[in-house]
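Colleague: One structure follows; several queries about it will come next.
The values are calculated or read from the model by the stated rules, or taken from the named source; none is laboratory data. These numbers were taken from a predicted model, which means no experiment stands behind them. So basically every Cβ, Gly included, is an ideal-geometry build from the backbone, and we count neighbours across all protein chains shown. These area figures cover heavy atoms from the full protein model, side chains too; ligands, DNA and RNA do not enter into them. Shrake-Rupley method; radii C 1.70, N 1.55, O 1.52, S 1.80 Å.
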Amino acid sequence: MTTGADKLRIGQVSLPIPGRNGHPMTPSSALFEHYCLDSSTATLIERIAEAVEGREALLLEGVTATSKTSAILYLASRLGQPVLRLNLSGATDVSEFVGRFIPDESRSGNGWRWEDGPVVKAMMEGFWLILDELNLAEAAILERL
């Protein structure tokens, strides 16, 4: 992995660096001070970079603790890319996913206001979205995707 002024090269892939390191949703580089880039993790990061370059969704599957999430967060940290992470379960509701109306305490008369969910926020703000444990999500969630 090599870094230029405005690009990060991962294997055969070159990605632009958004440089949003000060954003609260960007993983801190301090989290990865002792991160080990073995050959399988480096290959995984290159596959992730290929998906990012092609602006494609990516499904990573495998046993627990094989660096799937940490590889994404590591690459995001190197790029200065904000990330939202949502752990899914059978209890995850579509409204949590896309958005919902919530009480608006700032208005007199106890009105309601719309609050975007993680999917909409990621799309609007240009964040990466990690959907952890996608296999546990209800069919209604998968249909929305």
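Colleague: Residues in the stretch 33-47: is at least one in contact with a Phe, Trp or Tyr (Cβ under 7 Å, 6 or more places away or on another chain), farther than 19 Å from PHE127 by Cβ and either at pLDDT 95 or above or surrounded by 14 or more Cβ atoms within 10 Å (Cβ to Cβ) (or both)?
Modeller: Yes, the stretch 33-47 has at least one match.
Colleague: I've got another one for you. With the condition kept exactly as written, say whether any residue in the stretch 87-110 is in contact (Cβ under 8 Å) with a residue 12 or more places away in the chain, under 30 Å from SER39 (Cβ atoms) and polar (S, T, N, Q).
Modeller: Yes, some residue in the stretch 87-110 is in contact (Cβ under 8 Å) with a residue 12 or more places away in the chain, under 30 Å from SER39 (Cβ atoms) and polar (S, T, N, Q).
Colleague: When you scan the stretch 107-133, how many residues do you find that are under 23 Å from VAL63 (Cα atoms), open to solvent by less than 50 Å² (accessible area, probe 1.4 Å) and either of a type in the set (Gly, Ala, Ser) or out of contact with any helix residue (DSSP H, G or I) (no Cβ under 7 Å at 6 or more places or on another chain) (or both)?
Modeller: Of the residues in the stretch 107-133, the ones under 23 Å from VAL63 (Cα atoms) are 128-133.
Adding the requirement that they be open to solvent by less than 50 Å² (accessible area, probe 1.4 Å) leaves 128, 130-132.
From what is left, the residues that are either of a type in the set (Gly, Ala, Ser) or out of contact with any helix residue (DSSP H, G or I) (no Cβ under 7 Å at 6 or more places or on another chain) (or both) are 131.
Count: 1.
Colleague: In this structure, does ARG113 turn out to be basic (Lys, Arg), at pLDDT below 90 and either closer than 15 Å to THR69 by Cβ or in contact with an Asp or Glu (Cβ under 6 Å, 6 or more places away or on another chain) (or both)? Talk me through it step by step, then tell me what you get.
Modeller: Values: basic (Lys, Arg): yes; at pLDDT below 90: yes; either closer than 15 Å to THR69 by Cβ or in contact with an Asp or Glu (Cβ under 6 Å, 6 or more places away or on another chain) (or both): yes.
In short, yes.
Colleague: For LEU58, work out the one condition from (1) surrounded by 16 or more Cβ atoms within 10 Å (Cβ to Cβ); (2) under 28 Å from ALA5 (Cβ atoms) it doesn't fulfil.
Modeller: (1) is the only condition that LEU58 fails.
Colleague: Additional query: Picking from ALA51, ALA30, ALA65, which residue would you name as being farther than 15 Å from MET1 by Cβ and modelled with pLDDT of 95 or more?
Modeller: Details: ALA30 fails: modelled with pLDDT of 95 or more; ALA65 fails: modelled with pLDDT of 95 or more.
None of the other options fit; the residue is ALA51.
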